[in-house]
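Undergrad: Handing you a structure now.
The values are calculated or read from the model by the stated rules, or taken from the named source; none is laboratory data. The structure displayed is predicted, hence computed values, not measured ones. Here the Cβ is made from the backbone with ideal geometry for all residues, glycine too, and neighbour counts use every protein chain on show.
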Amino acid sequence: MSFVSKAFARAARAFTPAVRPIPSVASPLAPGVFSDPMVAGFATSMQSYTLPDLPYDYAALEPVISADIMKLHHQKHHAAYVNNLNAALEKYAAAEAKRDLQGMIQQQSAIKFNGGGHVNHSIFWTNLTPKGQASGAPAGKLAKAIETEWGSVDKFISTFNTQTGAIQGSGWGWLGLNKESGRLQIHTMANQDPLSTAGLVPLLGIDVWEHAYYLQYKNARPDYLKAIWQIVNWKNVEERLTQASS
Amino acid sequence: SFIRPSLITFSIFRICRSMSFVLPDLPYAKDALAPHISEETLNFHYGAHHRTYVTNLNNLVKDTPNQDKSLEEIIRTASPGPLFNNAAQVWNHTFYWNSLAPNAGGEPQGAIRDKIIENFGSFETFKQEFSKKATGHFASGWAWLVLNSETKKVEIVDTHDAGTVLTDPKYHPLLTCDVWEHAYYIDYRNARAKYLDAWWSLVNWKFAEHNLHAVYELKRRKS
């Protein structure tokens, strides 16, 4: 297997649920078995990614993010990234099986767009938590690292919001860890490009594609950025930092 | 007609160079494109987004050499960054409002129709390709119908974020479709393909025809 497909296979194992054994065509199993979409799906694609459930109800992030937005964001936007990613990977695998290099290259932008969308949103849902459960501020190692870098949490947030607010078009604002230097960094990314392509480990991402806030905040992106800190799951961010630092 | 007043304001953004840029009037009332594009959308898209680009542009050129340049000059000379982004978005949106009209849509007639059929085989093929380009553009951007002065053909081009065909001298813009989410989210949520259906019901073929003739006239004068 190529390096790329090995990497995909590794990632696929991390994300996919346990694989059910695929019966051979000649098996004595019940005739209807291939009409089972689960089996048929796995027979054609071993690399299916799935839409993760939200860790809370659609209305749980109100009033900061409305249930309408959460439902669309999860069931339409994120789900589309997952479906389109799976479709692109199937085409990629088919091209690779034929050693059709041009066919493989043709799928790369779709894999980056949709795979990036899946990676980013999967992190995003865990970075948020209902207002009542949010700790309100970072603690421990994370708090220390933020203060070292920006002087205070408030200064960090205002710098983050300025940079993220200024993103032209669609993109994300990130707090990331530079593993080489061991330092935290604010870094913005365009479109759905994952932070990993900038060499940083993602800790906290804020989606500023218009679909993330438009129904509620319209063009007032700064208002959305001001409000979202009320529902940031600092515990999750700290867990990610701990994991990345180990 | 829905073209002439808007083209006058479109081509002369400022009365004289020392004045700041002004948001041109919409060529029609805010509810004129309903139900395809709602009044609410126009209130935000024109009244907030487009207006903000104009405000930002004025702030960025104030007391700089750029304040004496025309909008097109700024777009063609600015390096990537806020000045280019705001200037280009001012221009793009004005071109977009003119690309739409009430009681328009459907199929073109005249020279633009002939050109489309000549280069795409049929109007249906062109329509499918344009919709595919516009719907398939990932993230924010614009889909354009242009006349390519090198190939002498009408072509479909997409640009990203604030990108505009104005920066490519071989492209003469005929029509544009805004595919930033703010263009369609209020009316169609994530369903960009449905918004494209609405765009086809509003497309201002008279504007496209006018733009095509303007290019021919320019070439006639040069030759």
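Undergrad: I need every pair where a residue in the stretch A:59-73 that is more than 14 Å from chain B (Cβ to nearest Cβ) and surrounded by 14 or more Cβ atoms within 10 Å (Cβ to Cβ) has its Cβ under 7 Å from the Cβ of a residue that is at pLDDT 95 or above and part of a loop (DSSP other than H, G, I, E, B), sequence separation at least 6 or different chains.
TA: A:Ala60/A:Pro130; A:Leu61/A:Pro130
Undergrad: So which of B:Phe138, B:Phe126 ends up being within 14 Å of chain A (Cβ to nearest Cβ) and farther than 20 Å from B:Tyr46 by Cα?
TA: Result of the check over B:Phe138, B:Phe126: B:Phe138.
Undergrad: Select the helices (runs of 4 or more DSSP H) contained entirely in the stretch B:20-111, then report the ones holding at least 1 residues which are free of Cβ contacts under 8 Å to residues at least 12 places away in the same chain.
TA: By residue number, B:39-44, B:51-61, B:71-77.
Undergrad: Being under 19 Å from A:Tyr213 (Cβ atoms), free of Cβ contacts under 8 Å to residues at least 24 places away in the same chain and either buried (at least 18 other Cβ atoms within 10 Å of the Cβ) or in contact with a helix residue (DSSP H, G or I) (Cβ under 6 Å, 6 or more places away or on another chain) (or both) is the filter here, so list the residues in the stretch B:183-194 that pass it.
TA: Selection gives B:Tyr185, B:Tyr188, B:Arg189, B:Asn190.
Undergrad: Can you name every residue in the stretch A:187-218 that is farther than 24 Å from A:Lys131 by Cβ and outside any strand (DSSP E or B)?
TA: Those that are farther than 24 Å from A:Lys131 by Cβ and outside any strand (DSSP E or B): A:Asn191, A:Gln192, A:Asp193, A:Pro194, A:Leu195, A:Ser196, A:Thr197, A:Ala198, A:Gly199, A:Leu200.
Undergrad: Could you check, for the stretch A:225-236, whether at least one of its residues is crowded, with 19+ Cβ neighbours inside 10 Å, of a type outside the set (Asp, Glu), without any contact (Cβ under 8 Å) to a residue 12 or more places away in the chain and not in a loop (DSSP other than H, G, I, E, B)?
TA: For the stretch A:225-236, residues crowded, with 19+ Cβ neighbours inside 10 Å, of a type outside the set (Asp, Glu), without any contact (Cβ under 8 Å) to a residue 12 or more places away in the chain and not in a loop (DSSP other than H, G, I, E, B): absent.
Undergrad: Return only the number of the condition from (1) crowded, with 17+ Cβ neighbours inside 10 Å; (2) in contact (Cβ under 8 Å) with a residue 60 or more places away in the chain; (3) part of a helix (DSSP H, G or I); (4) more than 12 Å from chain B (Cβ to nearest Cβ) that A:Lys141 does not satisfy.
TA: (1)
Undergrad: While we're on this one: Mind checking which residues of the stretch B:140-153 are free of Cβ contacts under 8 Å to residues at least 60 places away in the same chain and surrounded by 20 or more Cβ atoms within 10 Å (Cβ to Cβ)?
TA: Once the filter is applied, which keeps residues that are free of Cβ contacts under 8 Å to residues at least 60 places away in the same chain and surrounded by 20 or more Cβ atoms within 10 Å (Cβ to Cβ), the stretch B:140-153 yields B:Ser140, B:Gly141, B:Trp142, B:Ala143, B:Trp144, B:Val146.
Undergrad: Can you tell me which residue is surrounded by the fewest Cβ atoms within 10 Å (Cβ to Cβ) among those in the stretch B:5-46 that are charged (D, E, K, R) and at pLDDT 95 or above?
TA: Out of the qualifying residues, it is B:Asp25.
Undergrad: What number of residues within the stretch A:159-183 are surrounded by fewer than 14 Cβ atoms within 10 Å (Cβ to Cβ), farther than 23 Å from B:Asp161 by Cα and either within 14 Å of chain B (Cβ to nearest Cβ) or polar (S, T, N, Q) (or both)?
TA: Count: 1.
Undergrad: Here's another thing I want to ask about it. Take the stretch B:177-222 and flag every residue that is over 18 Å from B:Ala111 (Cβ atoms) and among the hydroxyl-bearing types (Ser, Thr, Tyr).
TA: B:Tyr184, B:Tyr185, B:Tyr188, B:Tyr195, B:Ser201
Undergrad: Exactly one condition in (1) in a helix (DSSP H, G or I); (2) polar (S, T, N, Q); (3) away from every other protein chain (no Cβ under 14 Å); (4) touching a residue at least 12 places away in the same chain (Cβ under 8 Å) is not met by A:Ser135; state its number.
TA: If we test A:Ser135 against (1) in a helix (DSSP H, G or I); (2) polar (S, T, N, Q); (3) away from every other protein chain (no Cβ under 14 Å); (4) touching a residue at least 12 places away in the same chain (Cβ under 8 Å), just (1) comes out false.
Undergrad: Tell me which of these B:Thr77 doesn't satisfy, since it passes every other one: (1) among the β-branched types (Val, Ile, Thr); (2) under 20 Å from A:Ala220 (Cβ atoms); (3) surrounded by fewer than 19 Cβ atoms within 10 Å (Cβ to Cβ).
TA: (2) is the only condition that B:Thr77 fails.
Undergrad: Being away from chain B (no Cβ under 11 Å) and within 22 Å of A:Gln108 (Cβ to Cβ), is that true of even one residue in the stretch A:203-217?
TA: no
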